[in-house]
Amino acid sequence: MRKPAPHDRSRTRVSLTARRAPEAVAAWDAPGSAFAALLAEFGDEELRVIERHLRRSTEVGSAQAARLRER
């Protein structure tokens, strides 16, 4: 379902309705399987490194975005 954001007319809020949920789940079947296969190629230690990298990248990116907003 789509409806305008209450305080910003340039944005639209999109929400999943129960009736359409099976379509959303089905749309992620192929990508989900592909990502699961990708992750299966890595051992536990490698996955910990990947997770640490993703978390730190998010932290650094968020800090840089905040720095730009403060200008």
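The values are calculated or read from the model by the stated rules, or taken from the named source; none is laboratory data. If you're wondering where the values come from, they're calculated on a predicted model, not measured in any experiment. The protein model used for the area step is the full one, side chains on, heavy atoms only, and it has no ligands, DNA or RNA in it. Shrake-Rupley method; radii C 1.70, N 1.55, O 1.52, S 1.80 Å.
Just a few scattered comments:
- The set of residues in the range 1-28 being open to solvent by less than 90 Å² (accessible area, probe 1.4 Å) and of a type in the set (D, E, K, R) consists of Asp8 alone.
- For the range 1-54, a residue qualifies if it is at pLDDT 90 or above, outside any helix (DSSP H, G or I) and within 20 Å of the chain's Cα centre (by Cα), and exactly one does: Trp28.
- Matching residues in the range 40-71 - criterion: being under 30 Å from Val14 (Cα atoms) and hydrophobic (A, V, I, L, M, F, W, C): Leu54, Val60, Ala63, Ala65, Ala66, Leu68
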